[in-house]
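These notes concern the structure reproduced below.
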Amino acid sequence: MRSGLAAMLTLVATTAVLAGCTPGTSSGGSTTNAAGGTTTAASSAPAGQSTSSKPSAATSAATTTSAPAAATSTGVGACLVAQLTATLGAGAGGGAGHMYPFLVLTNKGTTACTVRGYPGVSFVGNGSGTQLGAAATREAAGITITTLTLAPGQSAHSQLSITVAGNYDPATCKPKAADGLRVYPPAETHSLFVASTAYTACQNASVVLMLVRPLQAGAA
């Protein structure tokens, strides 16, 4: 019996020693590998949070600021009244009770500026700049609207279509000789005056005598 008990105690002690030599995870979070090196175990982290202090590739992509897109503007400002002159050209002449002059805007300044789209145009009279009747109505006429850069001395033009006031019953039209045109360049709230006694306006605002087309490059 004593010899059997001694053998059993020896077996238990041997098992304990062997258990202490078995590779496993230490309390410091290191695992001993077969080659004797150690690999640090990843620590747990709250759900939804990265377990690494270095951003992942996906995180880096999301937080990296993209390079600015290619500029879509020339950086040149819109042409203001102080930079422009407005004149009327012969244009396409006239016929069948209509006239088709060109309204020309020219950069008289020392720096480039831009115009885009339609100018605002109306007849004025009474010697006081009072608007006579309706302002011009826009007519696309298939013209593509583009931003036009005017260097000093360069021009852009818009074709006008003006119906002769005599085409209308005087009682309806209420004709009045115009002193000229008031012109608002695109994106401007100040106007230019083009003197001309060639046109008669209808004071009745329900009669639209004038159409204006988008600005195009050149003086026509």
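If you go through segment 105-140, how many residues are under 18 Å from residue 179 (Cα atoms) and touching a residue at least 60 places away in the same chain (Cβ under 8 Å)?
Qualifying residue count for the region: 12.
Condition first: over 12 Å from residue 121 (Cα atoms) and buried (at least 18 other Cβ atoms within 10 Å of the Cβ). Now tell me which residues in segment 177-187 satisfy that.
Correct list: 178, 179.
Taking segment 113-141 on its own, how many of its residues are touching a Lys or Arg at 6+ places or on another chain (Cβ under 9 Å) and among the β-branched types (Val, Ile, Thr)?
Within segment 113-141, residues that are touching a Lys or Arg at 6+ places or on another chain (Cβ under 9 Å) and among the β-branched types (Val, Ile, Thr) number 2.
Tell me, which residue of segment 93-136 that is of a type in the set (Val, Ile, Thr) and in a strand (DSSP E or B) is surrounded by the fewest Cβ atoms within 10 Å (Cβ to Cβ)?
That would be 130.
Looking at the structure I just gave you, is residue 196 under 21 Å from residue 132 (Cβ atoms), touching a Phe, Trp or Tyr at 6+ places or on another chain (Cβ under 6 Å) and not hydrophobic (A, V, I, L, M, F, W, C)?
It is false that residue 196 is under 21 Å from residue 132 (Cβ atoms), touching a Phe, Trp or Tyr at 6+ places or on another chain (Cβ under 6 Å) and not hydrophobic (A, V, I, L, M, F, W, C).
Every number here is computed from the coordinates shown, using simple stated rules; none is lab data. None of the values given here were measured: they were computed from a predicted structure. Ideal geometry is used to build each Cβ from the backbone, glycine not excepted, and the neighbour counts take in all protein chains shown.
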